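Below: one structure, written as structure tokens.
Just so you know, all these numbers are worked out from the coordinates, no wet-lab data involved. Please read all numbers here as calculations on a predicted model, not as lab measurements. We place every Cβ from the backbone using ideal geometry, glycine too, and count neighbours over all the protein chains shown.
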């Protein structure tokens, strides 16, 4: 026995109306999906890579942009300066020894921590040149760090050579990034900390550093003393030289005067040799015996007959 269906026009009308409404809802949903997938926004610190049939192009202007749904694809890249730590966990500060422990040129071990700052300079290369450009940068950085630190002695790594080491590492990383060309740019790399791996060695290096500071202090004090004493010594030298010049001039003048007196005496001697001899003899005796009274006794006064110290006998001066 078969089943019989009766035709109901009202029910068929309702079914058609319901079908139309469903189709309308589906159409609206499709339109909304297409509309939402055709726009995208780029922030102030972002750039985007727009890919059309496999061809990528950068989008650098911030704001609202449009794309063709299902045909064009957008990937955003953060262009702010970012960073990562090498040798320690930047969150907890715990040392990662397999990254920080290194050997120096004088075969000493040392723990060195670094912080690396970078930014994406080319969004297209950053997206398509490598699966993980940051991992590439970290690998390059660790290789350069070990190479450079291995060229310095432990004293330089721990104390005086940090700035030079940082500069050398930075230049080596920049050179290698140019070769790999993954769209990432090194902004800076700094040594956060460097210390010996054991407490005893650390104390020894602290003692060395204190000794160096003491040496510098002693040198500075010596230079200060020299700067204080040198002008006084130079002034004393000038005074001595001036005194010597004055003494020299005095003695030269005295010698010139004596020469003049000798020449004058010689001229007198040439004229009157006997009289000059007697006068010279008397003057000499006055110098040798200043208290001796000389009495000249002679008929014509031209000869010395006798000399008596008469004052010594009568007690008169």
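Once the Cα-Cα distance is subtracted from the 0.36 nm per residue extended length, the residue 52 to residue 278 segment shows a gain of 67.7 nm. If the chain linking residue 98 and residue 220 were pulled fully straight, counting 0.36 nm for each residue of separation and taking away their Cα-Cα distance, it would gain 39.7 nm. Once both labels are positioned 7 Å from their Cα atoms along Cα-to-Cβ, the gap between residue 193 and residue 131 label points is 3.4 nm.
Ordered by the number of other Cβ atoms lying within 10 Å of each residue's own Cβ, fewest first, 86, 103, 26 fall into the sequence 26, 103, 86.
Please order 268, 97 by the number of other Cβ within 10 Å, starting at the fewest. If you can, show how the numbers build up before the last one.
On the way: 268 14, 97 11.
Arranged by neighbour count, lowest to highest, 268, 97 become 97, 268.
The stretch between residue 25 and residue 109, if pulled fully straight at 0.36 nm per residue, gains 23.1 nm over its current Cα-Cα span.
Ordering of 269-280, 133-144, 170-181, 220-231 by packing is 133-144, 170-181, 269-280, 220-231, highest average first (other Cβ atoms within 10 Å, averaged per residue). Distance between the pseudo-spin-label points of residue 264 and residue 16 (7 Å out from Cα toward the beta carbon): 16.3 nm.
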